[in-house]
Amino acid sequence: MSKPAAAAKLKEGDAAALVKEARDNIQDSYEHERDNRDEAARDLTFLSGDQWPESVRREREASRRPMLTINRLPQFVRQITNDIRQADIAIKVVPEDDETDPELAEIFDGLIRQIQYRSSAHHVYSTAAEHQASCGIGWFRLCTDYADDMAFDQEIKIKGVKNPLSVYCDPGAVLPDRSDAMWIAVTEMLPKSTFKRRYPKAQETDIETPANTSDRPFYWSTSDSIRICEYWRKVRETKTLGLMQDGKTVDITGMSKQDLAFLPPIVRTRECETHRVEQYIVSGNEILEGPIKWAGKYIPLI
């Protein structure tokens, strides 16, 4: 779980609207990708060795006949993933010119190499590729966490997503890495005892299943488990940018005249439409954690 800076808490009405937004968005994604997810789940089941049709399985079990499975699929998946595991996959910073950029690129290259080394990033990339080869869906993520229990410094980490089918993405996103998604959710089913220990003040009200769904609805709770959701979203906002005489650009949004007096002369200003990234932990009823501000401009799920 990432540990970015906390933001101001939402009012009660806004919190309810946020929970409804998360539920509606996840439901839309579930309906939009349901056939693909069903196929992916069948692929993973078949790859694990469960390859007999259910009707044939019942018939053979009833007659006590053997059911041999010679699973050849893993070797074909390994033909793809072994090459990826052996490859030296890493992020490389390339300078744009031969003046000052090479030194800066070398600094960034060292920082990113250290992040990848401490995160065992090669294993993360390989696991995402194996998921992709196995069922067509693979995810990994960026996060920040405190360097030590007694420290205030945070460090960037690259982490894997164990279950690729736990991620629900904005159906409007079209780029391969989903960097254009306006929201992404990662869900997890927790036993009720675990949910109570982790969130002792949270509500335990059962959540109704939407009435307009088919025979395979998206459940937020069962008799013994509750679903929680890590919900990321982009919130549109307007910033005011100032161009200084030396060519540098600064964000002067909300600055008073007294604040601007401490800056070098500004020759031009303009309004910029952008967005900020927020993270929430929600159940189907309420916000459990958040909002938490993310330092980047992209949702850190790839």
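The values are calculated or read from the model by the stated rules, or taken from the named source; none is laboratory data. Since we're looking at a predicted model, the values are computed, not measured. Cβ coordinates were reconstructed from backbone atoms using ideal geometry, including for glycine residues, and neighbour counts include every protein chain displayed. For the accessible areas, the whole protein counts, side chains as well, though only heavy atoms, and no ligand, DNA or RNA atoms are used. Shrake-Rupley method; radii C 1.70, N 1.55, O 1.52, S 1.80 Å.
A few comments on the model shown:
- Residue within the range 17-37 that is modelled with pLDDT under 85 and open to solvent by less than 60 Å² (accessible area, probe 1.4 Å) present: no
- Selection from the range 114-151 of residues that are touching a strand residue (DSSP E or B) at 6+ places or on another chain (Cβ under 7 Å) and outside any helix (DSSP H, G or I): 139, 140, 141, 142, 143, 144, 145, 146, 147
- In the range 177-197, the qualifying residues are those that are under 18 Å from residue 223 (Cα atoms) and among the basic types (Lys, Arg), and the one that is surrounded by the fewest Cβ atoms within 10 Å (Cβ to Cβ) is 197.
- Test: residue in the range 50-67 that is touching a Gly at 6+ places or on another chain (Cβ under 6 Å), free of Cβ contacts under 8 Å to residues at least 24 places away in the same chain, open to solvent by 50 Å² or more (accessible area, probe 1.4 Å) and outside any helix (DSSP H, G or I): no
- Of the candidates 83, 97, the single residue that is farther than 28 Å from residue 154 by Cβ, of a type in the set (Asp, Glu) and at pLDDT 85 or above is 83.
- Positions within the range 98-113 being part of a helix (DSSP H, G or I) and open to solvent by 90 Å² or more (accessible area, probe 1.4 Å), in sequence order: 103, 106, 107, 108, 111, 113
- Condition check for residue 122: open to solvent by less than 70 Å² (accessible area, probe 1.4 Å) and over 17 Å from the mean Cα position of the chain (by Cα): yes
- Residues (part of a loop (DSSP other than H, G, I, E, B) and crowded, with 16+ Cβ neighbours inside 10 Å) located in the range 287-302: 298, 299, 300, 302
- Considered as a group, the residues in the range 125-154 that are more than 30 Å from residue 46 (Cα to Cα) and in contact (Cβ under 8 Å) with a residue 12 or more places away in the chain include one that is surrounded by the fewest Cβ atoms within 10 Å (Cβ to Cβ), and that residue is 146.
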